[in-house]
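The values are calculated or read from the model by the stated rules, or taken from the named source; none is laboratory data. Computed from a predicted model, the values in this text were never measured in an experiment. Cβ: placed from backbone, ideal geometry, glycine included. Neighbour counts: every protein chain shown. Surface accessibility is based on the protein's heavy atoms, side chains included, excluding ligands, DNA and RNA. Shrake-Rupley method; radii C 1.70, N 1.55, O 1.52, S 1.80 Å.
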Amino acid sequence: MGVHTWIEGWPVYRQLTGDDPTGRGAAAKSPATAHRTARTRTADKVVPSVCPYCAVGCGQSVYVQDGRVTQIEGDPDSPVSRGRLCPKGAASLQLTTGPAREHHALYRRPHGSRWERIDLVTAMDMIADRVVEARRKGWQWAADGLRTRRTLGIASLGGATLDNEENYLIKKLFTALGAVQIENQARI
Ligand code: SF4
């Protein structure tokens, strides 16, 4: 290989002399990547979503192929993030398909040192029992001479990606239970 030909194969040379000055297209290709196809090209559909990690709520485009999520990119139509994702949001594909994802309800007993797999119905019953018990224990009919009829035994702290409808239902439920400590992390 002549020196001239070798230099032409060098990505920086192609970036500086070719028509890809940002180095995000042809200049960055190698023989190994030239024939690869982006997962965004082969997807059956693209579903708009919101990054689940923090209260910024960046818009995501979720690419789906054969019923499986294959790629997650920033949504350019999002007024919040305009197509951008931070490294956490850009790695959220692992959250949906990664081997660390849990698909079963897990329970760790008081003072226990390991998680036990339990069925979902049992887990829901256990949560309901605890809510009823905590509500009863924290119930307050009156305080400072005023009737309060509330419970201080339970509180709700919502996550960043709860939407308006979910927050509406959560507020309804916890207010009906008599809870007064109801907050949400979201700022959008
Ligand atoms: S992409 Fe990053 S900044 Fe945006 S919502 Fe997700 S974690 Fe937050």
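Numbers at a glance
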quantity	calculated
Members of the stretch 101-142 found to be among the hydrophobic types (A, V, I, L, M, F, W, C), closer than 30 Å to V69 by Cα and part of a helix (DSSP H, G or I), listed by number	L120, V121, A123, M124
Residue identified as touching a residue at least 24 places away in the same chain (Cβ under 8 Å), of a type in the set (D, E) and surrounded by fewer than 14 Cβ atoms within 10 Å (Cβ to Cβ) among D125, D129, D119, D77	D77
Filter result (within 11 Å of the ligand (Cβ to nearest atom) and either more than 21 Å from N184 (Cα to Cα) or open to solvent by 20 Å² or more (accessible area, probe 1.4 Å) (or both)) within the stretch 53-72	Y53, C54, V56, C58, Q60, I72
Leading residue by the ranking (least open to solvent (accessible area, probe 1.4 Å)) among those in the stretch 80-93 that are modelled with pLDDT of 95 or more and assigned to a loop (DSSP other than H, G, I, E, B)	S81
Residue in the stretch 119-134 that is in contact with a strand residue (DSSP E or B) (Cβ under 8 Å, 6 or more places away or on another chain) and among the basic types (K, R) present	no
Whichever residue in the stretch 145-170 is modelled with pLDDT of 95 or more and charged (D, E, K, R) and, among such residues, is least open to solvent (accessible area, probe 1.4 Å)	R150
Whichever residue in the stretch 10-52 is away from the ligand (no atom under 16 Å from the Cβ) and under 30 Å from L162 (Cβ atoms) and, among such residues, is surrounded by the fewest Cβ atoms within 10 Å (Cβ to Cβ)	K45
Index of the failed condition, V56 passing every other in (1) outside any loop (DSSP other than H, G, I, E, B); (2) modelled with pLDDT under 90	(1)
T96 vs. criteria among the β-branched types (V, I, T), part of a helix (DSSP H, G or I) and either within 16 Å of the ligand (Cβ to nearest atom) or open to solvent by 100 Å² or more (accessible area, probe 1.4 Å) (or both)	yes
